[in-house]
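So the structure is just underneath, and the comments pick up after that.
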Amino acid sequence: MLSRVPKGQGGPMSPVAMSHEEFEDLVRDAMDTLPEWTAPIVSEIAVLVEDAPAPGSTQPGTTLLGLYRGIPVTAHGGRVPGSMPGTITLYRMPILWVCASREDVPARVLKVLGHEVGHAMGISEAELRELGWF
């Protein structure tokens, strides 16, 4: 999920204001909050938390908050036995950076996670934005 945060909106919240462990707890809470019908899809995906994307992996002027890597379930109907699962990576520092306060973080984590689950379901970036999962 790429984000362009206009000046005067959002962050910056200091990434040191929330530990990695606290952030992972929010990710677990967000996973529990997703609609039940997403459970079969999410159960086939490894959800990871990293501090930041690898240097050079984003375009200038964008902030990468999350990333789905894998083949959407709509393309193959489920994970092939013996294959590696798809992954969703949530990037802690960029997510915290776009939040104005600690209170904003749970909703942002849920939105980024939901956005990436949408990609795992084969929903395009444009469709996710139309649905409000940006």
Notebook entry, point to check: How many of the residues in region 49-62 are modelled with pLDDT of 90 or more, loosely packed, with under 15 Cβ neighbours inside 10 Å and not charged (D, E, K, R)?
Noted result: 1
Item checked: Test result for Arg108, of a type in the set (Lys, Arg) and in contact with a helix residue (DSSP H, G or I) (Cβ under 9 Å, 6 or more places away or on another chain) -> yes
Item checked: helices (runs of 4 or more DSSP H) fully within region 54-126 counting 3 or more residues that are touching a strand residue (DSSP E or B) at 6+ places or on another chain (Cβ under 6 Å) -> 105-120
Notebook entry, point to check: From the residues in region 99-126 that are exposed (fewer than 12 other Cβ atoms within 10 Å of the Cβ) and free of Cβ contacts under 8 Å to residues at least 12 places away in the same chain, which one is farthest from the chain's Cα centre (by Cα)?
Noted result: Glu103
Margin query: Give all pairs with beta carbons closer than 6 Å in which a residue from region 44-55 that is without any contact (Cβ under 8 Å) to a residue 60 or more places away in the chain and within 22 Å of Ile71 (Cβ to Cβ) meets a residue that is among the small types (Gly, Ala, Ser) and part of a strand (DSSP E or B); count only pairs at least 6 apart in sequence or on separate chains.
Written below: none
Check: What about Gly70, is it surrounded by fewer than 13 Cβ atoms within 10 Å (Cβ to Cβ) and among the small types (Gly, Ala, Ser)?
Finding: no
Margin query: Restricting to region 66-110, name every residue that is modelled with pLDDT of 85 or more and of a type in the set (Ser, Thr, Tyr).
Written below: Tyr68, Thr87, Thr89, Tyr91, Ser101
Next item on the list: Return only the number of the condition from (1) modelled with pLDDT under 85; (2) surrounded by fewer than 17 Cβ atoms within 10 Å (Cβ to Cβ) that Asp25 does not satisfy.
Entry: (1)
Item checked: Complete set of residues in region 34-44 that are assigned to a helix (DSSP H, G or I), over 14 Å from the mean Cα position of the chain (by Cα) and either surrounded by 11 or more Cβ atoms within 10 Å (Cβ to Cβ) or hydrophobic (A, V, I, L, M, F, W, C) (or both) -> Trp37, Thr38, Ala39, Ile41
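The values are calculated or read from the model by the stated rules, or taken from the named source; none is laboratory data. Fair warning: this is a prediction, and the values are worked out from it, not measured in the lab. Heads up, the Cβs are rebuilt from the backbone with ideal geometry, glycines too, and the neighbour counts pull from every protein chain shown.
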